[in-house]
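**Q** Just dropping this structure here.
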Amino acid sequence: MKLDARVPSGPIEKKWEKHRFEMKLVNPSNKRRYSIIVVGSGLAGGGGAAAMAELGYNVRCFCYQDSPRRAHSIAAQGGINAAKNYRNDGDSVRRLFYDTVKGGDFRAREANVYRLAEVSVNIIDQCVAQGVPFAREYGGLLDNRSFGGAQVSRTFYARGQTGQQLLLGAYQALERQIGLGQVAMYSRHEMQELIVVDGRARGVVVRDMVTGELETHLADAVCLATGGYGNVFYLATNAKGCNTTAIWRAYKKGAAFANPCFTQIHPTCIPVTGEYQSKLTLMSESLRNDGRIWVPKAKGDKRPPIEIPEDERDYYLERMYPTYGNLAPRDIASRAAKRVCDEGRGVGPTGRGVYLDFKDAIARLGKRKIEENYGNLFEMYQRITDENPYEVPMCIYPASHYTMGGLWVDYDLMSTIPGLFVLGEANFSDHGANRLGASALMQGLGDGYFVIPHTIGNYLAREKFSPVPDDHPEVVAAQEAVAARTKRLLAIRGRRSVTSFHRELGKILWEHCGMERNRKGLEHALGQLPGLREEFWKNVNVPGSGQELNQSLEVAGRVADFLELGELMCLDALERDESCGCHFRTEHQMADGEAKRDDQKFCHVAAWEHTGDGRKPNRHVEPLTYENVDLAVRSYK
Amino acid sequence: MRVTLKVWRQKDAKAEGRFVTYEASEVNPEMSFLEMLDVVNESLALEGEDPIAFDHDCREGICGTCGVVINGRPHGPRERTTACQLHMRSFSDGDVLTIEPWRADAFPVVRDLVVDRTAFDRIMAAGGFVSATIGGAQDGNTIPIPKEDSDLAMDAAACIGCGACVAACPNASAMLFTAAKISHLGLLPQGQPERSERVRSMVARMDAEGFGTCTNHGECEAACPKAIRVEFIARMNADFVRAKFTAGRRESGLAEGNG
């Protein structure tokens with residue numbers, strides 16, 4: 001396997017423009033002769049499907065939800081970055097690019113990040129044109145706020161529901177194309193297998209989740225925009241349905257999986273309360289604009305927060321990172337929270353929590369302003385915890401939230417399987433070892449609206465396609481593989497629920513491949529996981545049949561894939577014998593406890609190639625070169 | 001705490017449904033309502049029974065996937081709260097909870113508590129958008145929008161498309177859902193060029209899908225987890241009347257333009 005990123009030559013600020021000119025175009029009247037499959041209907045998938053349909057391609061879009069409007073992009077709260085410099089505070093495309101590369105601890109590909117920063121301004125314009133109701137100032141112009149890892153205000157937002165409003169914009173564009181007959185939408189359809197014919201991605205096998213029927217869809221190219229795999233930890237801020245199956249099937253068909261161990265643990269989530277818990281809820285990073293994070297200075301201080309005087313509180317982020325304070329990047333803020341809790345200074349019923357306090361902000365700005373900015377988040381917090389954050393500080397703790405790793409893609413967003421494109425969180429491309437807040441929405445829409453519509457044409461125009469017959473051996477093999485797997489899951493009828501396996505997997509990974517990792521822990525996890533997987537296939541209980549709506553079967557298929565992915569994550573974490581961004585190996589830290597990179601050995605992307613079940617995958621390397629930023633020690637002090 | 005559940009079970013769209021009673025004996029008040037169902041389902045599955053099918057996804061009140069009628073109220077007893085954010089502390093030990101799917105002809109039952117809401121998508125496809133082709137939009141700050149308009153548009157745009165309004169309405173009307181989108185786009189300058197056409201097409205589609213009409217009960221607003229107000233229905237009606245009056249003029253204008 002050869003990893004060729006195909007980054008265009010020339011100065012970084014000219015690469016995308018030059019590439020767009022050099023790419024082959026498909027004649028407008030020929031576009032209708034091509035068919036494209038898009039799996040996923042979030043910002044990347046829904047946006048991409050709409051954009052490609054507008055160009056005239058025939059698009060089929062699939063999602064597991066009952067409507068494309070429900071993709072998990074909808075849950076993003078805080079905002080979307082764009083280098084508009086509307087604040088006149090020194091922002092620019094180059095600064096957004098720099099912040100993103102630095103935020104990712106120098107483990108992202110420069111050229112992709114620069115392009116992302118470039119198209120960020122187009123995204124805002126496009127969304128405004130669609131009628132996205134961004135927050136505005138009294139003069140009628142767009143408002144901004146700050147997010148972690150940046151010293152400029154470049155985040156656009158729509159109350160605490162930015163993801164919802166951006167997704168509805170993309171969904172509305174998609175519905176318009178559905179109405180025009182340019183997109184055929186298949187909701188409640190879940191991808192089960194990728195079809196590769198003569199080395200190129202040519203289709204998918206999907207399950208109709210209502211009837212259980214397996215359907216085969218063939219096309220000229222396939223785009224996966226199926227989001228991240230944060231649910232591998234079981235407890236995560238992801239929607240319950242988010243899964244790795246689409247990209248995992250593609251991995252097993254030959255697409256390289258890059259940096260699987262780069263998983264983001266978000267610092268501000270509502271803590272776990274009990275074993276029955278099914279998910280964790282994020283409290284937007286935007287809250288750190290005005291909320292101050294603290295724990296008691298003394299260990300085991302059980303007094304209620306309002307009884308703890310100022311001089312007995314440790315505002316540890318402000319103390320440790322005076323320049324960025326509470327707006328330190330997510331990986332740093334999460335690790336700091338874990339450490340104070342490990343020291344025995346955590347708060348809340350379990351001792352795994354820290355305070356996020358708005359007392360000073362309310363005194364400074366008034367309750368009304370806080371309510372205007374964060375009202376819905378405060379309400380959500382109160383609904384879940386039964387506590388009023390206007391009166392008592394919120395209690396928060398880190399949780400699995402986002403995955404920077406994903407399928408490896410080149411500059412055109414094409415995986416190592418020709419014709420298989422990967423968009424949004426499902427790919428690995430832009431965030432390196434840590435994603436900054438308000439950058440996921442930017443990447444999703446950037447990939448969907450402004451990158452894939454160009455690069456897909458470049459692929460289609462260069463290739464020749466003849467129809468794949470329905471009975472082609474590869475098609476039949478893919479169908480049979482899915483049918484056999486379903487049959488096998490249903491035949492076990494064991495004694496353990498699917499969820500119990502998922503929970504156990506999550507605990508192993510959270511413990512050994514979460515916020516801190518080390519050789520011993522990872523080796524221990526790698527020792528445990530094969531046994532858990534084996535037990536799953538012997539003792540899982542999946543009731544019902546394959547010819548009906550069967551939610552247990554859906555979940556079982558996803559957990560089976562998570563069980564395999566978890567092992568690859570640990571392997572990747574073990575082999576990356578350095579600390580960088582989210583990947584903190586306790587063996588590699590500075591004297592002050594910060595991540596210690598090893599640029600000599602690990603300034604690269606690790607992309608894993610599947611070599612068969614039960615065999616160790618091959619690790620390939622794409623070296624990262626930094627020509628436009630200095631490879632420096634990341635500092636937020 | 002302990003609660004008794006009377007749950008609507010229906011094998012598929014064609015099968016006849018019925019209520020089945022289950023005892024949930026180890027309920028923690030801190031559990032969400034859906035987590036309580038998860039626990040019931042885990043034990044059903046291990047006993048070899050089909051678990052209760054229900055729709056859910058984000059479990060934080062924003063995706064609009066979940067939604068069941070609990071004791072006659074869509075999303076249950078708590079105001080402005082989706083079923084996924086409803087916690088068992090809202091109920092008392094010994095309560096009997098009757099759990100049903102949304103009931104509306106336009107939302108056929110798929111299985112148990114799962115219904116088919118694709119009619120909402122078809123209403124959206126009929127005109128719930130601004131035809132702003134991707135690429136080349138002007139700078140976002142070119143058109144200033146008064147904050148009050150933008151805020152009001154956002155109030156309407158907050159709709160999560162869950163369908164509780166339809167389930168709550170004695171006529172199974174989808175007017176709150178449709179009006180929210182028409183108001184969101186109609187309040188913004190970007191939505192003006194297609195404003196009349198939008199209301200005509202979306203209302204026509206809504207009627208064709210078999211939703212009832214609005215008779216001003218206001219149950220929809222009371223059930224809406226996002227507190228979308230019925231005043232948006234008044235806005236939609238006003239737009240609809242205006243569109244009727246301007247229809248002929250606009251179409252003849254178009255014909256002249258084409259000539």
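**Q** For the range A:37-48: of the residues being more than 14 Å from A:Val451 (Cβ to Cβ) and among the aliphatic types (A, V, I, L, M), which is farthest from the other protein chains (Cβ to nearest Cβ)?
**A** Kept after step one, since they are more than 14 Å from A:Val451 (Cβ to Cβ), are these residues of the range A:37-48: A:37, A:39-42, A:46.
From what's left, among the aliphatic types (A, V, I, L, M): A:37, A:39.
Values: A:Ile37: 19, A:Val39: 17 Å.
Per the criteria, the residue is A:Ile37.
**Q** Okay, moving on. Scan the range B:128-137 and tell me whether some residue there is part of a helix (DSSP H, G or I), in contact (Cβ under 8 Å) with a residue 60 or more places away in the chain and of a type outside the set (D, E, K, R).
**A** Step one: filter the range B:128-137 for residues part of a helix (DSSP H, G or I), giving none.
For the range B:128-137, residues part of a helix (DSSP H, G or I), in contact (Cβ under 8 Å) with a residue 60 or more places away in the chain and of a type outside the set (D, E, K, R): absent.
The rows are residues; the columns are (1) at pLDDT 95 or above; (2) part of a helix (DSSP H, G or I); (3) in contact with a strand residue (DSSP E or B) (Cβ under 6 Å, 6 or more places away or on another chain); (4) within 28 Å of B:Cys58 (Cβ to Cβ).
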{"position": "B:Cys162", "(1), (2), (3), (4)": "yes, no, no, yes"}
{"position": "B:Val199", "(1), (2), (3), (4)": "yes, yes, no, no"}
{"position": "B:Arg229", "(1), (2), (3), (4)": "yes, no, no, yes"}
{"position": "B:Ala238", "(1), (2), (3), (4)": "yes, yes, no, no"}
{"position": "B:Gly248", "(1), (2), (3), (4)": "no, yes, no, no"}
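**Q** Starting from the range A:521-542, take each residue that is away from every other protein chain (no Cβ under 14 Å) and list its partners that are surrounded by 15 or more Cβ atoms within 10 Å (Cβ to Cβ) and among the β-branched types (Val, Ile, Thr), counting only C-beta distances under 6 angstrom and pairs at least six apart or across chains.
**A** Between residues of the range A:521-542 that are away from every other protein chain (no Cβ under 14 Å) and residues that are surrounded by 15 or more Cβ atoms within 10 Å (Cβ to Cβ) and among the β-branched types (Val, Ile, Thr), the close pairs are A:Ala525/A:Ile508; A:Gln528/A:Ile508.
**Q** Any chance the range A:92-104 includes a residue that's closer than 30 Å to B:His184 by Cα and either surrounded by fewer than 24 Cβ atoms within 10 Å (Cβ to Cβ) or in contact (Cβ under 8 Å) with a residue 60 or more places away in the chain (or both)?
**A** Our first condition is that a residue be closer than 30 Å to B:His184 by Cα; within the range A:92-104, this holds for none.
Scanning the range A:92-104, I find no residue that is closer than 30 Å to B:His184 by Cα and either surrounded by fewer than 24 Cβ atoms within 10 Å (Cβ to Cβ) or in contact (Cβ under 8 Å) with a residue 60 or more places away in the chain (or both), so the answer is no.
**Q** Can you tell me which residue in the range B:46-69 is farthest from the chain's Cα centre (by Cα), limited to those that are buried (at least 21 other Cβ atoms within 10 Å of the Cβ) and among the aliphatic types (A, V, I, L, M)?
**A** B:Ile52
**Q** What residue, among those in the range A:200-241 that are of a type outside the set (A, V, I, L, M) and surrounded by fewer than 20 Cβ atoms within 10 Å (Cβ to Cβ), is farthest from A:Leu423 (Cα to Cα)? Give the steps one after another, and end with the answer.
**A** Within the range A:200-241, the first condition is being of a type outside the set (A, V, I, L, M), and the residues that meet it are A:200, A:202-203, A:207-208, A:211-213, A:215-217, A:220, A:223, A:226-231, A:233-234, A:237-238, A:240-241.
Filter again for surrounded by fewer than 20 Cβ atoms within 10 Å (Cβ to Cβ), leaving A:200, A:208, A:211-213, A:215-216.
Numbers: A:Arg200: 17, A:Asp208: 23, A:Thr211: 29, A:Gly212: 27, A:Glu213: 27, A:Glu215: 23, A:Thr216: 22 Å.
Ranking the candidates gives A:Thr211 first.
**Q** Need pairs with beta-carbon distance below 6 Å; first residue farther than 30 Å from A:Ala258 by Cβ and within the range A:380-404, second assigned to a helix (DSSP H, G or I) and among the aromatic types (Phe, Trp, Tyr); sequence gap 6+ or separate chains.
**A** Filtered contacts from the range A:380-404: A:Pro389/A:Phe378; A:Pro389/A:Tyr381; A:Met394/A:Tyr381.
**Q** If you don't mind, there's one more thing I want to ask. Residues that are out of contact with any Ser or Thr (no Cβ under 6 Å at 6 or more places or on another chain) and more than 11 Å from every other protein chain (Cβ to nearest Cβ), at least 3 per element: which strands (runs of 3 or more DSSP E) completely within the range B:1-115 meet that?
**A** B:3-9, B:18-24, B:96-100
**Q** Quick one: B:Ala153 ticks every box in (1) at the interface with chain A (Cβ under 7 Å from one of its Cβ atoms); (2) farther than 26 Å from B:Asp239 by Cα; (3) in contact with a Leu (Cβ under 7 Å, 6 or more places away or on another chain) except a single one, so which number is it?
**A** (2)
**Q** Checking A:Pro271 against (1) in contact with a strand residue (DSSP E or B) (Cβ under 7 Å, 6 or more places away or on another chain); (2) within 11 Å of another protein chain (Cβ to nearest Cβ), which single condition isn't satisfied?
**A** For A:Pro271, the exception is condition (2).
**Q** Another one. Suppose we filter B:Gly163, B:Gly128 for residues that are more than 9 Å from chain A (Cβ to nearest Cβ) and within 19 Å of A:Ser67 (Cα to Cα); which single one remains? Before the answer, list the steps.
**A** Numbers: B:Gly128 fails: more than 9 Å from chain A (Cβ to nearest Cβ).
Sole residue among the options that is more than 9 Å from chain A (Cβ to nearest Cβ) and within 19 Å of A:Ser67 (Cα to Cα): B:Gly163.
**Q** Would you check which residues across the range B:194-235 are within 14 Å of chain A (Cβ to nearest Cβ), surrounded by fewer than 20 Cβ atoms within 10 Å (Cβ to Cβ) and touching a Ser or Thr at 6+ places or on another chain (Cβ under 8 Å) and list them?
**A** B:Glu194 - this is the single residue of the range B:194-235 that is within 14 Å of chain A (Cβ to nearest Cβ), surrounded by fewer than 20 Cβ atoms within 10 Å (Cβ to Cβ) and touching a Ser or Thr at 6+ places or on another chain (Cβ under 8 Å).
**Q** Ok, one more. Just to be sure, is A:Leu631 hydrophobic (A, V, I, L, M, F, W, C), at negative phi, touching a Phe, Trp or Tyr at 6+ places or on another chain (Cβ under 7 Å) and assigned to a loop (DSSP other than H, G, I, E, B)?
**A** Working: hydrophobic (A, V, I, L, M, F, W, C): yes; at negative phi: yes; touching a Phe, Trp or Tyr at 6+ places or on another chain (Cβ under 7 Å): yes; assigned to a loop (DSSP other than H, G, I, E, B): yes.
So A:Leu631 fits the description; yes.
**Q** Right, next: Hey, B:Pro146 hits all of (1) facing chain A (nearest Cβ under 7 Å); (2) crowded, with 22+ Cβ neighbours inside 10 Å; (3) farther than 19 Å from A:Gln65 by Cβ; (4) not aromatic (Phe, Trp, Tyr) but one; which does it fall short on?
**A** (2)
**Q** Report the residue count in the range A:145-165 for those that are within 20 Å of B:Asn141 (Cα to Cα), buried (at least 24 other Cβ atoms within 10 Å of the Cβ), more than 11 Å from every other protein chain (Cβ to nearest Cβ) and not hydroxyl-bearing (Ser, Thr, Tyr).
**A** Residues that pass the stated criteria total 1.
**Q** Can you list the strands (runs of 3 or more DSSP E) lying wholly within the range A:130-231 that have 1 or more residues being under 28 Å from A:Gly56 (Cα atoms) and among the basic types (Lys, Arg)?
**A** Numbers: elements: A:183-186, A:189-197, A:200-208, A:214-218, A:221-224.
Per the criteria, A:200-208.
**Q** Follow-up. Please pick out the residue among A:Phe562, A:Phe584 that is more than 14 Å from chain B (Cβ to nearest Cβ), under 26 Å from the mean Cα position of the chain (by Cα) and more than 30 Å from A:Val633 (Cα to Cα).
**A** Just a single option satisfies the conditions, and that option is A:Phe562.
**Q** Given the conditions (1) free of Cβ contacts under 8 Å to residues at least 60 places away in the same chain; (2) assigned to a loop (DSSP other than H, G, I, E, B), and given that A:Gly514 satisfies all but one, which numbered condition is not satisfied?
**A** (1)
**Q** In the set A:Ser67, A:Ser73, which member is touching a Lys or Arg at 6+ places or on another chain (Cβ under 7 Å) and either within 12 Å of chain B (Cβ to nearest Cβ) or surrounded by fewer than 24 Cβ atoms within 10 Å (Cβ to Cβ) (or both)? Steps first, answer last, please.
**A** Working: A:Ser73 fails: touching a Lys or Arg at 6+ places or on another chain (Cβ under 7 Å).
None of the other options fit; the residue is A:Ser67.
**Q** More than 21 Å from B:Glu60 (Cβ to Cβ), modelled with pLDDT of 95 or more and surrounded by fewer than 24 Cβ atoms within 10 Å (Cβ to Cβ), is that true of A:Met191? Steps first, please.
**A** Details: more than 21 Å from B:Glu60 (Cβ to Cβ): yes; modelled with pLDDT of 95 or more: yes; surrounded by fewer than 24 Cβ atoms within 10 Å (Cβ to Cβ): no.
It is false that A:Met191 is more than 21 Å from B:Glu60 (Cβ to Cβ), modelled with pLDDT of 95 or more and surrounded by fewer than 24 Cβ atoms within 10 Å (Cβ to Cβ).
**Q** Counting only residues that are among the aromatic types (Phe, Trp, Tyr) and farther than 29 Å from A:Cys341 by Cα, which one in the range A:230-282 is farthest from the chain's Cα centre (by Cα)? I'd like the intermediate steps shown before the answer.
**A** Step one: list which residues in the range A:230-282 are among the aromatic types (Phe, Trp, Tyr), which gives A:233-234, A:248, A:251, A:257, A:262, A:276.
Pick out the ones that are also farther than 29 Å from A:Cys341 by Cα and you get A:248, A:251, A:257.
Details: A:Trp248: 15, A:Tyr251: 17, A:Phe257: 14 Å.
If we take residues in the range A:230-282 being among the aromatic types (Phe, Trp, Tyr) and farther than 29 Å from A:Cys341 by Cα, then A:Tyr251 is farthest from the chain's Cα centre (by Cα).
The values are calculated or read from the model by the stated rules, or taken from the named source; none is laboratory data. From a predicted model like this one, the values you see are computed outputs, not experimental measurements. Don't worry about glycine lacking a Cβ; one is built from the backbone with ideal geometry, like all the others, and counts go over all protein chains shown.
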